[in-house]
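These notes are about the structure you will find just below.
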Amino acid sequence: MTAPSQRYLDSFPAGVEEFAIEGLDVLDVPLHSAFLSSSPAHPGGSGLGYGATREEARTGALGEMAEMALSIRAHRGLDRVHGSYRELARTEGRDRVQDPRTLCLQAGSSYDDDRELQWLPMSRSRDGETVLVPAELVVSAPEELPGDPPPHGWLTTVITNGQGAAFDADRAVRHALLEVLQRDGNATTFRALDQGAVVDLAGLRDPDALALLDRLDAAGIDVLVKLASTGHGVVDVYAVGCSRDGSEPTPMMVTACGEAADPDRDAAVRKALHEFAAARSRKAFMHGPLDAVAAATPPGYLDQWLHGHPPERMVEEDRALQAMLEWTRLGTDRLTDLLRGSVLSRRSTVALADLPTGGDDDAVGTLTAEGFDVLVDLQPSQGEAVAAKVLVPGLEAETMSYGRIGERGVRRLLDRGEGPGAGLAVVGADPGGWARVHLTADAEERLGGPAWFDRAGADRIVGGLYALYREPGRHVAALAVAS
């Protein structure tokens, strides 16, 4: 049987460059890099992968590369529809155009139904109908939107949430949808708003996860698996931690995090732990000193990437770059102290045995039954591989980074009580200078009035933790430090 990694390679033109990244951490767990340079034959893309074995990490890297490359290939030459939501709902039918107010817009932004936008088609899973969606929420990289933006700009920053790749459409969609559910479940429950719910791993059965826990302990690294959510039939967890003696080879390793969402609790914990372990090396590889990167990669890699990679890949969000540069000035102890009240906090314990296990694997069916629409954009390759972008109106992401929030996010913050994030949202009159949340009339009625989000308060809470939310690209921070 052909290995999955080879099936990915066979789906792209020759020239994919890949290698294992080794020697950056005492754990030295499998971490793999793959990238296809842009050419007339293909726009290219890059990916990093991890796993319990080298083959698993290699497959993950090539799968992530496929997500990027196939999304760029599918969209950057595609004609976009121009018009306002009001106009298109009238000409195309309200059921064939997705109301932007359901898509978790930035609170306080200037959107209204007459604002001209650019739109791309997606397919609605429950009936197969084509639905127009704002283009910036369909694509996954800025280079997929060539040409001029709409007159008043894009609605929000393009992000990669909701991507998946596999060798059949259903698996690609499942992978993408689990990422959407993961981001929705932890949007206001981790990082700066970490709720401190630590999972007691007694009863964990997955052999790879157990073996990795032993390796972490032997290396003197304490790890916490924490619960974000169990909504929609999935276990949404994340893993964080640091060495007991502050001996990280690169200080920013203490900010490593592994995230996972799966219907089975053991599978979720396994993925989160392996991503956490690999993220220690990933952080050092992506943002650490260039001499260490050069030693951990094949001869010539670093020079080729820095001088031969497409320049648009080096364009970064300034706030993310500045935040990462601040981290490079901190030692391990100061970075760890920065995380103690949030990322490394312990406020309660949840038993693994109380979390769902072996649940319904039909995430699309579960969400549809709950009244959500699942919108899908499939992106085929030249071979077996297929990528998918999934969007679920009503689910949330990027609340603390970009101020994106909808009805569910407002309700969660209202229900927060005294926990981290309490008081960031209100319903009724503007408390004074807060950002109004973009909601449909039905959503406002369900909440009991207009909703408001304290964006300035959110920025204060995030503070020096912003680089936990958005990171600059490969080696950009290190290059800035070295120049």
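The values are calculated or read from the model by the stated rules, or taken from the named source; none is laboratory data. Predicted model, so just to flag it, every value in this text is computed and none were measured. Here the Cβ is made from the backbone with ideal geometry for all residues, glycine too, and neighbour counts use every protein chain on show. Heads up: the accessible areas ignore ligands, DNA and RNA and are worked out on the full protein's heavy atoms, side chains in. Shrake-Rupley method; radii C 1.70, N 1.55, O 1.52, S 1.80 Å.
Quick notes on this one:
- All Cα-Cα distances of region 7-144, cut into 10 Å bins from zero to the largest, leave 11, 30, 24, 21, 12, 2, 0 percent in each bin in turn.
- Most tightly packed first, judged by the mean number of other beta-carbon atoms within 10 Å of their residues, the peptides 229-236, 3-10 read 229-236, 3-10.
- Highest to lowest packing among 68-77, 35-44, scored as the average C-beta count within 10 Å: 68-77, 35-44
- For the chain: accessible area per residue (Å², 1.4 Å): 40
- For the pair region 425-477 / region 189-252, the C-alpha centres are spaced 27 Å from each other.
- Region 35-102: GluC sites (Glu not before Pro) in DSSP coil with no more than 15 other Cβ atoms inside 10 Å: none
- Region 407-421 and region 281-302 have Cα centres spaced 40 Å apart.
- Semi-axes of the equivalent ellipsoid for region 1-58, Cα gyration tensor, largest first, Å: 23, 15, 7
- Size descriptors for the chain, from the alpha-carbon set: Rg then Dmax equal 21.7, 64 Å.
- Centre-to-centre, using Cα atoms only, region 339-382 and region 59-134 are separated by 23 Å.
- Percent carbon-and-sulfur accessible area, region 240-376, ignoring ligands, DNA and RNA, probe 1.4 Å: 51
- Counting every pair of alpha carbons in region 291-418, the share spaced more than 18 Å apart comes to 80 percent.
- Electrostatic dipole magnitude of the chain [Cβ: Lys, Arg +1; Asp, Glu -1; Cα centre; debye, to 20]: 660
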